[in-house]
Structures are given as C-alpha cells and as structure tokens.
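Presented below is the structure to which this report refers.
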C-alpha cells in the first residue's frame, strides 16, 4: 500500500499565504507523515537477511527496543524453527528509511491433519525456547501513523489470515499496546492476563541496590557473598565466543544439576535448543549483546548465568548451579552479575518469565503482560478459544486449588 504526497501543499491542511508560512500543528504533522509512508510485505528470507543494518538501526531508535527483536535473534530463530512456516514481515518505510516493522510468520493450524485456520504469529514464538516482549518495532515519533498503517494493511492488503496471536506482550510497551488497541477495534478478541516479569532496577552502586532490600535479606546476601569469597575462593569468569562448544557442555551439566530435584531435563540437552543458542551467542557476543558468566568455587564450576544485553538493560535468560555445593552458588552468581551490570552502567536487570520464588528475594518490581488472541471473524475458532480461556482454564485452576487445599 503506497500513498503519494500531493503536489499542492495547501491541500495538506496548512494555511499557506504569500510571504508567510504557518507552522503545522501536531495533527497536520501526523497527516503529512502518513502521506509519506509506504507499507510492503517481505516474504523472501534472502531479502530479510540483507536488512541487518537497517533493521537494527530501526530497533536502536524504536519506542521499546529489546534484544529479542534484534535482527540476530530473529533470523537465527527463523533458521532453526521457521521450517514449514511462511515469512510475512510488514515493513513501513518513509522513503528509504525503515520506520516500522511487524515481524510475523504465517502458519496453517489444524488437528488430525486437517487445517482449520491460518494464523499469524510473531517471529520468535514457537519451538522449545522463549522469546520475550515480542511485538511491532516502531521508530520514535511515528507511533500513531505506523500503527494505523500496520492495521490497515492487515485488513486491506492481506487476506490470508484468520487469527493473530501475541503471547504475553509487555503492558509498558506503548507500541504494542497501541497496535493491539487498534487491532481490537476491528477484530473479535480474547484477552488473557499473562504472568508478570520480575526485574531489578539498578542504581549507581551495588550497596545502593542492597539498601532497598529488607534488613534480613540484605544481611543474608552480604554473608553469603563474604563466605563465598573467603571460604570458597569465588571467582566469576566471563566465557568467550571462541570456545562455545566446550563451555556449552559445562553449562548443560550445571543446568541438569539444578533440575535434579524436580527430575527435569536440562533444555540444553535438546539438540535444537543447544544449536540455536550456540548460533545466537556466536552472533550476539561480538557486538557485546550477550555474555555467559561462570562462577567457580575452588576452581570448580559452581553456577552459570546466561544473560543478554541491550541499551543498558540486562536480561537473565538461563541460569543453573550445582545444588550439592555449599555456599549458595546460585545467589552469589546473581549478586556478581548485578555488580557487573552496575559497572557497565546498566539501569535494569530483567529476570524474565517464570514465577520462581528466588526472584522475589531480589526485587518487588514486576512488569505486567497480557496474551492476545485476535480473530478476523466470529466463527468456530473464536468460540472455541473463548470457551477455553473463559471457562475451561478458570475451572481447571479452581479445581487445582481445591485439590491442593485438600492435601494440606
């Protein structure tokens, strides 16, 4: 969809008189901006792979930048998990400059070999791993017009979709919230509250961070760190990109040991999961967007923390420790990671999804999320989803609570 600006400036809403120029107000500026925008759909992987510089420049100047929307994360995910799916990226441009992108793929969903709907998902959703905070990428200063362009093109330019699914997007992301609000005006939707994401707000020193914790919690963390340093010779090693295959085995072992009590397997034991992270770390590490820290107790691996970095934000993606080791290696590993982030002038350490109790010991801050199911028409798909989210899931939750109460 493309709209060409008029040759007559007077028709844009600005009152122009000989010898004077009236400054455009905000509504007229938005109108002028909208006329300059074009929307196209990118379905070629080869074309997308050539967009690295423009894509990341857009993300750097976007309203809600995060590492999971970077060209590196998105393209590596597609290489590993895009098979059988059709690329469908909505790209909004102003001249030759990207001002918005909705990284989507098309999938035919069905049951027992029968296709019952065609869905659009955000690239990064699906497979054995979690990509967080997915949504549209929108350049600062273009929020309303780019969202209008996106939604209009979804309905006027694309026919091949029945549903759009957006899993647990952040409610403090103005771009995605605006996009969803505009979408809801034209679709039948089911909204589900997502799990909160705990995050730590960092300040100038680690002691300042500790001062915001309870006295008991603060003392416990200081004691653990002191004992780890004096009795266990705690050292934090930042692993390099040159020996990924070697230390992936180390963190896989630690990840397995941290799950031994629950009987779960380490996700790194999966070939596709480990392969994806090997490739994405190789892509992100040279640019300083990912690190893996290894905590050593008496020169032996005790814990690891795999974190991503983007614009003064750290994201704790995976962690694991040898629970048989004394000295609380998991907690000490996080404390050292916070110190490192503060040294690098980070402002936030996001603990990402998961309601594990240990996260509450670091912060009382959380980011709210919601999941959106958008249906183009009110048909069987909408009815089934409504029944699942409004009746079946709440009933299952209530039954689970009753059963847990009866076993206490």
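A single entry from 48, 77 fulfils the requirement of being under 18 Å from the mean Cα position of the chain (by Cα), crowded, with 20+ Cβ neighbours inside 10 Å and touching a residue at least 24 places away in the same chain (Cβ under 8 Å): 77.
Check every one of the helices (runs of 4 or more DSSP H) wholly within segment 1-79 and list those with 1 or more residues that are modelled with pLDDT of 95 or more and touching a helix residue (DSSP H, G or I) at 6+ places or on another chain (Cβ under 7 Å).
Output list reads 45-49, 52-60.
For segment 147-184, filtering for residues that are in contact (Cβ under 8 Å) with a residue 24 or more places away in the chain, over 16 Å from the mean Cα position of the chain (by Cα) and not in a helix (DSSP H, G or I) leaves 7. Just wondering, is there one or more residues in segment 202-220 that are under 21 Å from residue 133 (Cβ atoms), part of a strand (DSSP E or B) and in contact with a strand residue (DSSP E or B) (Cβ under 7 Å, 6 or more places away or on another chain)? No - not one qualifying residue is present in segment 202-220. Looking only at segment 228-243, residues that are under 25 Å from the mean Cα position of the chain (by Cα) and either in a strand (DSSP E or B) or surrounded by fewer than 19 Cβ atoms within 10 Å (Cβ to Cβ) (or both) come to 3 in all.
Of the residues examined, residue 341 is one that is under 26 Å from residue 274 (Cα atoms), outside the structural domain of residue 68 (by TED's automatic domain parsing), part of a helix (DSSP H, G or I) and at pLDDT 95 or above. Only one entry in 284, 296, 254, 305 is part of a strand (DSSP E or B) and touching a residue at least 60 places away in the same chain (Cβ under 8 Å), namely 296. Of all residues in segment 191-201, those satisfying the criterion of being part of a strand (DSSP E or B) and surrounded by fewer than 18 Cβ atoms within 10 Å (Cβ to Cβ) are 191, 192, 193, 201.
Put simply, of 331, 279, 322 the only residue that is within 22 Å of residue 80 (Cα to Cα) and in contact with a helix residue (DSSP H, G or I) (Cβ under 7 Å, 6 or more places away or on another chain) is 279. Of note, residue 341 does not satisfy the criterion of being surrounded by fewer than 21 Cβ atoms within 10 Å (Cβ to Cβ), in contact with a strand residue (DSSP E or B) (Cβ under 7 Å, 6 or more places away or on another chain) and closer than 26 Å to residue 366 by Cβ.
The values are calculated or read from the model by the stated rules, or taken from the named source; none is laboratory data. Source: prediction; values computed, not measured. Positions of Cβ are backbone-derived with ideal geometry, glycine not excepted, and every protein chain shown enters the neighbour counts.
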